[in-house]
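Please treat every number below as a calculation from the coordinates, not as lab data. Just so it is clear, the structure is predicted and the values come from calculations on it, not from any experiment. Neighbour counts are summed over all protein chains in view; Cβ atoms, including those assigned to glycine, are modelled from backbone coordinates with ideal geometry.
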Amino acid sequence: MHFLKYCLLLLFLFPKPVFAQYDHLLHKTYAQKVTGIHDLYRDLADIGDSVRQVKKTDEIKRFARNNKDRALELNVDFFLVFLSAFYQHQPREVSLGRLKKQLELATEENVDFLRARSLRALAEFYWKIEGNYELAFEQYLLLDKELVTTKPEEYPEMARDLMQIGKAYYFFQDYTVAREYFKRAIVLPETAFTTMVINDARNTLGLCYQQLNNLDSSDFYFKEVFKTTFPEAAVWKRIATGNLGTNMYLCRDYDQAIPLLEKDFYGSISENDYGCAAGASIVLADILRDKGKLKESAVFIAHAKDNIAKAEQPDRLRLLYPVMSKWYAAAGDMERSRQYMDSSMTAMNRFNDRFSALKVLRAQQRVDRKNQELQLAGYTLERQRKMAERNLLVLLVLLLCIAIIMTYFIQKKRQLANDLKLQAATQELKIAAIDLDRFTESIREKNKLIEQLESRNPEAEKAGIFRELRQSTILTEDDWIAFQRLFDQAYPGFIQRARQAYPDLTTSELRYFALSKIAISAKEIAAMLGVSPNTIQVMRHRIRKKLDFADNQVMEMEINRI
């Protein structure tokens with residue numbers, strides 16, 4: 001018994017331990033809780049079992065509802081929609097439908113910048129899953145409009161959104177437009193949360209200028225990456241080092257390029273970044289070949305081939321094959337040199353053909369989209385015309401019907417009003433009589449109960465408790481609060497212990513527990529609570545099933561032990 005009391009005390013002192021880790025998310029602005037929200041997403045994603053994952057999300061949503069935090073609940077819903085769309089085997093049309101509904105809900109409720117995040121998710125789905133680049137760009141443009149009216153300090157994910165839009169244009173080699181989005185991203189406040197995307201934007205901005213053959217500007221933005229003070233961006237310092245080395249290579253400043261490229265290469269190997277390792281090794285191989293160090297060059301050619309295979313990036317062969325062709329020419333093997341020159345042309349043509357196909361696809365998607373809009377506009381105009389004609393006909397019919405029945409309603413209106421008044425008065429009298437009878441019976445039964453309590457607990461009588469009970473009623477919530485206060489004086493701590501032992505009890509069921517404690521009959525309890533005895537029997541049965549008591553006797557014994 002003492003052990004049980006001790007356990008109940010611990011539960012009282014440390015309530016809801018499962019959700020304590022989420023208390024800091026309650027009723028906070030998105031800027032205040034963005035790191036916690038992403039930690040929450042990561043914790044949920046790490047749950048391997050989908051059943052456990054759904055159970056956990058339901059618990060968190062219930063926790064949010066209990067604390068009246070609609071924003072936290074919607075954040076969990078957003079996670080579920082995103083997870084099912086991108087990481088679970090769900091039909092694409094189902095995923096697309098859920099993403100669109102999520103966007104509608106986010107637009108309607110407009111909390112925690114869910115509209116912007118939903119637009120980004122929908123754009124990413126069109127891009128990665130559907131391969132519909134034009135629809136993806138439409139969502140990105142809507143997202144851009146959303147960001148124009150958003151304050152960066154209130155929405156920490158703005159840098160990520162701008163960077164993602166810029167990378168979409170960068171993918172299609174529209175470097176001039178892409179760099180404007182990257183410039184908007186890099187001027188935003190840099191924090192531990194935003195440093196990765198901001199330095200990604202700085203680095204990619206340097207690549208834009210590299211592609212535009214403006215190496216001075218390219219160097220500037222690569223060097224901007226080195227200025228970050230956040231350790232989370234260390235990987236981008238390494239990547240920017242390699243890209244800066246490539247600029248030195250393009251300027252034929254090999255002595256400065258080599259240590260930068262080697263640092264990128266060996267750092268990439270240690271981090272299993274095989275794509276970057278392949279890029280650095282290709283440039284190093286060409287530099288060493290040009291410096292006449294064919295043996296060292298061959299080593300990096302081998303590294304390049306190996307890392308291209310590991311990274312599964314065969315497009316990089318179009319850059320490697322020309323280097324290999326020059327290497328064999330320097331080694332005097334002109335036949336192999338010609339073979340690799342042919343291979344480089346084939347790889348380059350394959351890459352250009354695939355990229356051209358993507359551009360053609362996007363152009364066709366744009367045309368299809370315009371045609372759909374035109375067809376929809378024509379269909380809408382025709383539909384509006386037909387609806388206007390139908391509405392006019394319906395209006396005429398309605399006016400005719402109104403004219404016919406208006407006289408009837410006017411004649412019946414006064415009679416109906418009188419009938420309603422009479423019915424209302426009769427009903428009020430019946431209700432008043434029932435309430436008076438119930439009140440009288442409740443007082444009568446309560447007096448009997450108080451007499452029993454006085455005989456069982458004379459000390460409480462001395463304290464004047466039962467005299468106060470005699471003057472009270474338990475017909476309203478306020479009456480119950482007053483009764484509970486007196487009851488606690490007679491049975492200190494009983495109601496609190498009952499709540500801790502059986503947290504699933506409803507308020508009505510807890511009242512039943514309290515009244516059962518003073519050992520009165522079901523009929524008497526019904527009178528106290530103002531309900532029928534059958535209702536008490538149903539409540540007793542429901543409690544027994546809910547708390548898994550074998551029978552009523554066991555339940556009464558448990559109540560007496562509390």
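What the phi angles of region 345-358 give under the Karplus curve with 6.51, -1.76 and 1.60, with θ = phi - 60°, is a coupling list of 5, 5, 5, 5, 5, 5, 5, 5, 5, 5, 5, 4, 5, 5 Hz, glycine and proline written as x. Taking a straight line from the alpha carbon of Lys412, these lysines sit under 26 Å away, with near neighbours fewer than eight places off in the same chain left out: Lys421.
Using a simple spin-label model with pseudo-atoms 7 Å out from Cα toward Cβ, Asp253 and Arg366 lie 3.8 nm apart. How about region 49-91: which trypsin sites (Lys or Arg not before Pro) there are in a DSSP loop, with at most 10 other Cβ atoms within 10 Å of their Cβ? Here the trypsin sites (Lys or Arg not before Pro) that fit, given the DSSP loop and packing criteria, are Lys68. For a Förster distance of 45 Å, can you work out the FRET efficiency between the beta-carbons of Asp548 and Arg92, rounded to the nearest 0.05? The computed FRET efficiency comes out at 0.50. Compared with the direct C-alpha span, the chain from Ile410 to Gln484 gains 21.1 nm at full extension, assuming 0.36 nm per residue. Listed by chain and number, the lysines placed with their C-alpha closer than 26 angstrom to that of Lys223 are Lys167, Lys183, Lys237, Lys263; residues fewer than eight positions away on the same chain are left out. Available extension along the chain between Lys293 and Glu271 is 5.2 nm, counting 0.36 nm per residue and deducting the alpha carbon span. What shape does region 11-156 have by the C-alpha gyration tensor, where a ≥ b ≥ c are the square roots of the eigenvalues, rounded means a/c under 1.5, and otherwise prolate means a/b greater than b/c and oblate the rest? Oblate, since a/c reaches 1.5 and b/c is not below a/b.
Which of rounded, prolate or oblate describes region 482-527 when judged by the alpha-carbon gyration tensor and an a/c cut-off of 1.5? Because a/c hits 1.5 or more and a/b fails to exceed b/c, region 482-527 counts as oblate. How many angstrom lie between the C-alpha centres of region 274-292 and region 302-376? That distance is 18 Å. For region 107-245, what class follows from the C-alpha gyration tensor (a ≥ b ≥ c being the square roots of its eigenvalues): rounded when a/c is under 1.5, otherwise prolate if a/b is larger than b/c, else oblate? Oblate is the answer for region 107-245, as a/c is 1.5 or above yet b/c matches or exceeds a/b. The protection proxy used here, the mean number of other Cβ atoms lying within 10 Å of each residue, ranks peptides 185-195, 306-316 as follows, highest first: 185-195, 306-316. Which distance in Å, rounded to a whole number, links the C-alpha centroids of region 518-562 and region 170-190? Spelled out, the Cα-based centre of one part sits 69 Å from the other. Estimated from the Cβ-Cβ distance and a Förster radius of 60 angstrom, the FRET efficiency linking Arg350 and Lys68 is about 0.55.
Restriction of the GluC sites (Glu not before Pro) in region 46-98 to DSSP coil positions whose beta-carbon has at most 11 other beta-carbons within 10 angstrom yields no sites. Using a Förster radius of 60 Å, what is the FRET efficiency between Thr535 and Ala309 based on their Cβ-Cβ separation? Nearest 0.05, please. Efficiency, from the Cβ-Cβ distance: 0.20. Once you reduce region 68-137 and region 202-226 to the center of their Cα atoms, the two points are 33 Å from each other.
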